[in-house]
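Have a look at the structure below, then the notes.
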Amino acid sequence: MSSLVQAQQITKEYQTGPVKALALQGVNLTVSKGEFLSIIGPSGSGKSTLLSVIGGLCTPTRGSLKVDGFNVYDLPQEKLADYRREYIGFVFQQFQLIPYLTALENVMLPLVAAGLKNNQQVAAAKEVLEKVGLGQKTQRLPSQLSGGEQERVAISRAIVNKPPLILADEPTGALDSRTTEEILELLAQLHSEGQTIIMITHNPKVAARAQRIVEIVDGKIAS
Amino acid sequence: MRLAQISLNNLRRRKAKALFSITSLALGVAIFVTLQSVGNTLQSDLAHRLDQYGANIIVLPKSDSLNLSYGGLNVGGVTYGQQYIGTDALSLITKIDDAESISTVSPKVIGALPTEHGESLIVGVDFQQEFTLKKWWSLTGQQPQGPWEVLLGAEAADKMNMQPGDTFRLSDTNVLVAGVLEETGSQDDYAIFLQLSSAQKLLDMQGKISLIEISALCTTCPIKEISDQIGQAIPTAKVTPLKEAVVGRMATTTRLATFATAISVLVIIISSLVVLATIMGSVNDRTREIGILRAIGFRQSQVAIIILIEAILIGLLGGITGMSLGYLGYTLGARVLTVQGGATFSVALAFWPIMVATLLAILASLPGVWKATRLEPVEAIRVL
Ligand SMILES: Nc1ncnc2c1ncn2[C@@H]1O[C@H](COP(=O)(O)OP(=O)(O)O)[C@@H](O)[C@H]1O
Ligand SMILES: [Mg+2]
């Protein structure tokens with residue numbers, strides 16, 4: 001299978017005042033098209049940072065990231081925004097829904113950014129919300145949805161424009177076991193449809209649902 | 001969904017927050033507009049009243065000699081040349097360029113005539129104009145109506161022992177005392193006033209005028225210019241602007257305007273601070289939202305449009321609401337102060353406050369934008 005993501009010698013230093021935090025230290029990672037990969041590791045080991053670097057949200061201090069053959073961080077500002085929109089569906093750890101937009105409107109956002117016509121936006125967003133089982137709650141605000149439902153809205157928003165790569169940061173971290181199972185089913189279904197997925201978790205059972213597990217400790221790949 | 005709808009939904013679904021921003025803007029604009037319009041109206045009202053208060057231009061016949069009177073005391077001296085102005089001067093005055101700025105033109109003919117009590121000072125006037133000019137006049141009895149009704153100065157009435165309703169012989173004509181003036185402390189106290197045409201007849205000065213007192217609206221046009229124009233229109237007359245009267249009036253009205261402006265500036269500063277504090281209170285919310293939008297793939301320009309539209313909506317809503325409230329305040333203020341002289345509320349007055357309100361709303365949204373663009377999306381999202 002051809003590779004979609006090639007991260008080479010990724011290093012990330014955070015500077016907080018005079019203190020430097022080394023979040024990633026020379027990480028190499030290759031992800032193939034259609035692969036379902038999970039990243040595990042203790043808290044603070046650099047999992048979220050790695051996912052952000054892959055998602056174009058965080059410029060690495062050193063190293064290069066190639067996606068689909070091009071160097072992501074060589075892109076100018078606006079092209080980097082286009083990369084996020086076209087290549088990445090990001091599911092954030094705390095959902096990060098816009099509080100004053102309905103479920104439907106939140107899911108429509110990537111299509112708004114892409115400049116699609118309104119009826120196309122609505123049709124696509126509705127279809128995805130149906131698929132995750134929220135067809136009846138499209139007009140609710142995030143505050144009117146449960147944690148599991150918000151997670152599904154976040155996943156819907158990530159997949160609505162059919163990006164080649166889904167990045168999910170602890171998508172089941174805050175959910176009970178039944179809802180966790182539903183979300184994992186959903187990800188498994190997407191994977192079976194050919195979707196490439198990278199999922200962070202600190203739960204080994206959840207990680208085991210993926211095809212491959214990568215462990216990060218202290219900013220380095222441990223296995 | 002368009003970009004503008006994202007902004008609109010933000011305002012719609014976080015009503016309390018939007019209302020607070022809009023209200024604080026509106027109050028600032030309202031107070032500013034009220035103060036300015038009431039101030040302007042008061043100023044023109046005051047100017048209007050002051051302008052009608054006494055003459056500020058005197059038109060006299062040209063004479064070759066020096067004036068030998070001081071404070072009403074004539075110390076004699078021979079004067080040569082014309083001692084009167086023709087009646088046609090009155091119509092000439094109404095034709096000068098700045099004629100609209102002239103509020104009152106009061107012609108007078110002055111002379112002495114015998115009565116039972118000796119020689120008396122006779123002043124022929126246009127009563128309507130004279131009463132407009134001399135707002136401080138108050139009288140017992142009535143204003144003279146017919147051609148042979150007179151008004152007596154306080155001293156003259158006293159000396160002649162006359163009251164309203166009495167009659168006496170003036171030269172060889174019987175006249176009725178219609179009213180008696182209260183003491184004014186001026187030459188008016190010694191005079192017998194009667195209609196201009198009657199006085200001209202008795203003094204044998206038909207078609208002649210001794211002097212003209214003019215009240216010009218000095219706020220709209222420099223008094224010097226009006227004087228010069230009258231001088232050119234009537235070459236036989238000497239036109240004297242009463243500078244002290246003018247300078248005093250200008251100073252009073254200017255002081256009022258300065259006061260209103262000073263308070264308005266204060267209001268602008270205070271409400272600006274309130275608005276900035278209100279809108280900037282949510283910089284972190286803003287930063288996070290912008291982070292999310294950018295992470296999803298919105299370009300900087302798209303994010304800028306969303307935030308700009310929101311700020312403009314808040315600014316316009318606040319500005320227009322404030323202007324309406326300001327108009328209400330102006331109407332109430334004008335009613336309470338029972339001002340005279342035209343209303344000076346104008347939409348133009350509201351233009352700048354609305355612009356400032358909008359700019360302020362945009363300015364207040366900048367810290368969030370600045371913070372969000374300085375940070376990488378992942379950091380902006382994490383801002384607490
Ligand atoms: N914005 C930041 N500024 C400074 N330090 C950071 C920042 N984000 C993460 N870190 C630090 O980098 C390390 C890795 O963080 P993170 O990638 O969030 O780990 P994980 O997701 O595995 O818990 C931690 O030590 C964390 O404190
Ligand atoms: Mg994390």
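Keeping to segment A:48-71, report how many residues are within 13 Å of chain B (Cβ to nearest Cβ), closer than 26 Å to A:Glu193 by Cα and not small (Gly, Ala, Ser).
Adding up the residues that qualify gives 4.
Identify, please: which residue in segment A:85-104 is part of a helix (DSSP H, G or I) and open to solvent by 10 Å² or more (accessible area, probe 1.4 Å) and is, among those, nearest to the other protein chains (Cβ to nearest Cβ)?
Looking at residues that are part of a helix (DSSP H, G or I) and open to solvent by 10 Å² or more (accessible area, probe 1.4 Å), I get A:Arg85.
Just checking, which of A:Ser43, A:Ser38 is within 16 Å of ligand 2 (Cβ to nearest atom), more than 14 Å from chain B (Cβ to nearest Cβ), outside any helix (DSSP H, G or I) and out of contact with any strand residue (DSSP E or B) (no Cβ under 7 Å at 6 or more places or on another chain)?
A:Ser43
What number of residues within segment A:111-143 are over 19 Å from the mean Cα position of the chain (by Cα) and away from chain B (no Cβ under 14 Å)?
Final tally of qualifying residues: 7.
Can you work out which of the residues in segment A:144-174 that are away from ligand 1 (no atom under 16 Å from the Cβ) and part of a loop (DSSP other than H, G, I, E, B) is farthest from the other protein chains (Cβ to nearest Cβ)?
A:Ser146
Return only the number of the condition from (1) within 11 Å of ligand 1 (Cβ to nearest atom); (2) surrounded by fewer than 19 Cβ atoms within 10 Å (Cβ to Cβ) that A:Gly46 does not satisfy.
A:Gly46 satisfies all of (1) within 11 Å of ligand 1 (Cβ to nearest atom); (2) surrounded by fewer than 19 Cβ atoms within 10 Å (Cβ to Cβ) except (2).
Scan segment A:21-28 and tell me whether some residue there is more than 8 Å from ligand 1 (Cβ to nearest atom), free of Cβ contacts under 8 Å to residues at least 12 places away in the same chain, more than 12 Å from every other protein chain (Cβ to nearest Cβ) and open to solvent by 30 Å² or more (accessible area, probe 1.4 Å).
no
This table checks each residue for (1) more than 16 Å from ligand 2 (Cβ to nearest atom); (2) under 17 Å from the mean Cα position of the chain (by Cα); (3) farther than 19 Å from A:Val132 by Cα.
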| residue | (1), (2), (3) |
| --- | --- |
| A:Val153 | yes, yes, no |
| A:Ala168 | no, yes, no |
| A:Leu184 | yes, yes, no |
| A:Thr201 | no, yes, yes |
| A:Asp218 | no, no, yes |
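So which residues in segment A:175-223 are part of a strand (DSSP E or B), within 16 Å of ligand 1 (Cβ to nearest atom) and loosely packed, with under 14 Cβ neighbours inside 10 Å, if there are any at all?
Residue satisfying the conditions is A:Val217 alone.
If B:Glu119 satisfies all but one of (1) modelled with pLDDT of 90 or more; (2) in a strand (DSSP E or B), what's the number of the condition it fails?
Of the numbered conditions (1) modelled with pLDDT of 90 or more; (2) in a strand (DSSP E or B), the odd one out for B:Glu119 is (1).
Does at least one position in segment B:28-38 carry a residue that is touching a residue at least 24 places away in the same chain (Cβ under 8 Å), among the aromatic types (Phe, Trp, Tyr), crowded, with 24+ Cβ neighbours inside 10 Å and more than 10 Å from chain A (Cβ to nearest Cβ)?
yes
Yes/no matrix, rows are residues, columns are (1) modelled with pLDDT under 85; (2) over 30 Å from B:Leu170 (Cα atoms):
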residue	(1), (2)
B:Ala47	yes, yes
B:Gly72	yes, no
B:Thr79	yes, no
B:Gln82	yes, no
B:Leu92	no, yes
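For segment A:125-143, how many residues are open to solvent by 30 Å² or more (accessible area, probe 1.4 Å) and outside any helix (DSSP H, G or I)?
Total satisfying the criteria: 6.
Taking B:Glu289 as meeting all but one of (1) within 14 Å of chain A (Cβ to nearest Cβ); (2) open to solvent by 50 Å² or more (accessible area, probe 1.4 Å), write down the number of the exception.
So B:Glu289 meets the others, but not (2).
Taking A:Lys33 and the conditions (1) touching a residue at least 12 places away in the same chain (Cβ under 8 Å); (2) within 12 Å of ligand 1 (Cβ to nearest atom); (3) basic (Lys, Arg), which numbered condition does it fall short on, given that it satisfies the others?
(2)
Are any residues in segment A:74-83 more than 11 Å from chain B (Cβ to nearest Cβ) and either surrounded by 14 or more Cβ atoms within 10 Å (Cβ to Cβ) or in contact with a His (Cβ under 6 Å, 6 or more places away or on another chain) (or both), and if so, which ones?
Scanning segment A:74-83 gives a single hit, A:Leu75.
The values are calculated or read from the model by the stated rules, or taken from the named source; none is laboratory data. Computed from a prediction, not measured in an experiment: that's the story for all the values here. No Cβ is skipped: glycine too gets one built from the backbone with ideal geometry, and neighbour counts run over all protein chains shown. Protein only, heavy atoms only, side chains kept; ligands, DNA and RNA dropped before computing areas. Shrake-Rupley method; radii C 1.70, N 1.55, O 1.52, S 1.80 Å.
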